[in-house]
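Beneath this line is the structure, given in structure tokens, with notes to follow.
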Amino acid sequence: MICMGTVKVIDGGALTTIQDLGRFGYQSYGVPQSGAMDSFAFSLGNIALGNPENTPGLECTVSGPVLEMQSDEILCITGGDMGATVNGDPCPMWRTVHVKKGSVLSFQGLKSGCRTYICFRGGIRCPFVLGSASTFLKASMGGLDGRELRSGDFLFIEGGPAGYKEVAVPHAVRAGIVNSPEIRVLMGPQDDLFSAGAVATFLGSQYQVGVQADRMGYRLSGPAVKCGDTLSVFSQGTPLGGIQIDGEGVPIVLLRDRQTVGGYPVIATVISVDVDLFAQLKPGDMVRFAPVSLQEAATLYKERLRVKNEFREATRCVWGE
């Protein structure tokens, strides 16, 4: 039987938005990709619930919302640990949970990471804009009227078939979240504009995430990376994870809501499997960069796909789909 559930927002938290895996095919028109910052954690939550990976869910930043279930719901919480509770009792992460009607899901405070995901069995019902439910705040596009969740909002859940199935995301499948990670990068595409000394500074230094850190990008503080006589390049498309160096030598890591074109040189690009890890950093966290080859990056990506696909096939058996 198919049913429709309802969740009332008591408190929206610091920044909670509806996201899916993003909006593709419109960057040539100036529309960014958007989507879950930690797409891997988001996907695993949906897979555990038997949902398609792109099913709309919630992204919570720094502090979580307070949600009252006005119907029985099956959900899965992944990503950073914000101390989830149901009616004041600890709520497990990385596994499906049956939360009964009238229960309140809330969060005690950030323990690890920066972003937590709440996925619901069946997903959140909302209009798709340019093929995606993802919220792009700067253009008031997608999600819930293009904005963050607020007190008094209601979420409507596309309830799946009745019946709770217990599914846990194995530890071997989860991506690790650490406070001071080493982020792997591919050098380029404009690393040739930098001297050997500047590249050595970039790769040999530790950088701190500054207060200017949002879904568009993170501005880092640390040793300046000088770009010789060339401070800009012709505007061109910006890659996810691209690390721009501005005129003052400051590294800026571009993320899901990044501008679609830019004129600062990109010294390196965070490899796709580490973009999710980087997105769990918060202001004050430290980070280093380590170069890898294209072949190494491809091997890491293929391994992540393999592990995720194996988990997806296992959950299909559990949900009988």
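Identify, please: which residue in the stretch 1-13 is more than 16 Å from Gly143 (Cβ to Cβ) and out of contact with any Lys or Arg (no Cβ under 8 Å at 6 or more places or on another chain) and is, among those, surrounded by the most Cβ atoms within 10 Å (Cβ to Cβ)? Break it down into steps so the answer makes sense when it comes.
Residues of the stretch 1-13 more than 16 Å from Gly143 (Cβ to Cβ): 1-6, 8, 10-11.
Then drop every residue that is not out of contact with any Lys or Arg (no Cβ under 8 Å at 6 or more places or on another chain), which leaves 1-3, 5-6, 8, 10-11.
Numbers: Met1: 7, Ile2: 9, Cys3: 13, Gly5: 22, Thr6: 15, Lys8: 15, Ile10: 15, Asp11: 17.
Checking each candidate, the answer is Gly5.
Return a yes/no flag: does the stretch 208-226 have any residue that is over 22 Å from the mean Cα position of the chain (by Cα), of a type in the set (Lys, Arg) and closer than 21 Å to Ile243 by Cβ.
Yes, the stretch 208-226 contains at least one residue that is over 22 Å from the mean Cα position of the chain (by Cα), of a type in the set (Lys, Arg) and closer than 21 Å to Ile243 by Cβ.
Restricting the search to the stretch 250-286, which residues are touching a Phe, Trp or Tyr at 6+ places or on another chain (Cβ under 9 Å) and part of a strand (DSSP E or B)?
Pro251, Ile252, Val253, Leu254, Ile267, Ala268, Val270, Met286
Considering only the stretch 240-250, I want to know if a residue exists there that is surrounded by fewer than 21 Cβ atoms within 10 Å (Cβ to Cβ) and under 16 Å from the mean Cα position of the chain (by Cα).
Yes, that holds for at least one residue.
Out of (1) closer than 22 Å to Glu182 by Cα; (2) modelled with pLDDT of 95 or more, the odd one out for Arg304 is which?
(2)
Out of all the residues in the stretch 123-136, which are at negative phi and touching a strand residue (DSSP E or B) at 6+ places or on another chain (Cβ under 7 Å)? Full working, then the answer.
Restricting attention to the stretch 123-136, the residues satisfying the condition of being at negative phi are 124-129, 132-136.
Matches in the stretch 123-136: Ile124, Arg125, Cys126, Val129, Ala133, Ser134, Thr135.
Looking for whichever is surrounded by fewer than 18 Cβ atoms within 10 Å (Cβ to Cβ) and either out of contact with any Pro (no Cβ under 6 Å at 6 or more places or on another chain) or within 18 Å of Gly5 (Cβ to Cβ) (or both) here; the options are Val86, Val99, Val104. Which one fits? Outline the logic, then answer.
Details: Val86 fails: surrounded by fewer than 18 Cβ atoms within 10 Å (Cβ to Cβ); Val99 fails: surrounded by fewer than 18 Cβ atoms within 10 Å (Cβ to Cβ).
Within the list Val86, Val99, Val104, the selection yields Val104.
When the residues of the stretch 191-215 are narrowed to those that are of a type in the set (D, E, K, R) and more than 30 Å from Thr16 (Cα to Cα), which ends up surrounded by the most Cβ atoms within 10 Å (Cβ to Cβ)? Please lay out each step first, then the result.
The first filter runs over the stretch 191-215 and keeps only residues of a type in the set (D, E, K, R), leaving 191-192, 214-215.
Adding the requirement that they be more than 30 Å from Thr16 (Cα to Cα) leaves 191-192.
Working: Asp191: 20, Asp192: 11.
Among those that are of a type in the set (D, E, K, R) and more than 30 Å from Thr16 (Cα to Cα), it is Asp191.
Between residues in the stretch 3-14 that are in the same structural domain as Leu144 (by TED's automatic domain parsing) and residues that are assigned to a strand (DSSP E or B) and hydroxyl-bearing (Ser, Thr, Tyr), which pairs lie under 7 Å by C-beta distance while being six or more apart or on different chains?
Ala14/Thr61
Here is a list of conditions, (1) closer than 24 Å to Ala14 by Cα; (2) in the same structural domain as Thr269 (by TED's automatic domain parsing), and Phe194 meets all of them except one; can you say which number that is?
(1)
Filter the stretch 300-312 for residues that are of a type outside the set (Phe, Trp, Tyr) and either over 23 Å from the mean Cα position of the chain (by Cα) or closer than 26 Å to Tyr207 by Cβ (or both) and give the result. Let's see the steps before the verdict.
Residues of the stretch 300-312 of a type outside the set (Phe, Trp, Tyr): 300, 302-310, 312.
Leu300, Arg304 - these are the residues of the stretch 300-312 that are of a type outside the set (Phe, Trp, Tyr) and either over 23 Å from the mean Cα position of the chain (by Cα) or closer than 26 Å to Tyr207 by Cβ (or both).
Quick test of your reading of the structure: Phe42 fulfils all but one of (1) among the hydrophobic types (A, V, I, L, M, F, W, C); (2) part of a loop (DSSP other than H, G, I, E, B); (3) in contact with a Phe, Trp or Tyr (Cβ under 6 Å, 6 or more places away or on another chain). Name the failing condition by number.
The failed condition is (2).
May I ask you to list pairs of residues, at least six apart or on different chains, whose Cβ atoms are under 9 Å apart, with the first in the stretch 291-309 being in a helix (DSSP H, G or I) and the second being surrounded by fewer than 11 Cβ atoms within 10 Å (Cβ to Cβ)?
Pairs that qualify, where the first residue is in a helix (DSSP H, G or I) and the partner is surrounded by fewer than 11 Cβ atoms within 10 Å (Cβ to Cβ), are Val307/Ala172.
Evaluate the stretch 101-112: report whether one residue or more is closer than 23 Å to Lys308 by Cα and at pLDDT below 95. Before the answer, list the steps.
Our first condition is that a residue be closer than 23 Å to Lys308 by Cα; within the stretch 101-112, this holds for 112.
Still in the list and also at pLDDT below 95: 112.
There is at least one residue in the stretch 101-112 that is closer than 23 Å to Lys308 by Cα and at pLDDT below 95.
Pick from Gly102, Gly57: which is touching a helix residue (DSSP H, G or I) at 6+ places or on another chain (Cβ under 7 Å) and not hydrophobic (A, V, I, L, M, F, W, C)? Walk me through how you get there before you give the answer.
On the way: Gly102 fails: touching a helix residue (DSSP H, G or I) at 6+ places or on another chain (Cβ under 7 Å).
When all the criteria are applied, what remains is Gly57.
Assuming Gln27 fulfils every condition listed in (1) crowded, with 18+ Cβ neighbours inside 10 Å; (2) out of contact with any Pro (no Cβ under 9 Å at 6 or more places or on another chain) apart from one, which condition is it?
Going through the list (1) crowded, with 18+ Cβ neighbours inside 10 Å; (2) out of contact with any Pro (no Cβ under 9 Å at 6 or more places or on another chain), Gln27 breaks only (1).
The values are calculated or read from the model by the stated rules, or taken from the named source; none is laboratory data. All values derive from a computational prediction rather than experimental measurement. Backbone-built Cβ (ideal geometry, glycine too); neighbour counts: all protein chains shown.
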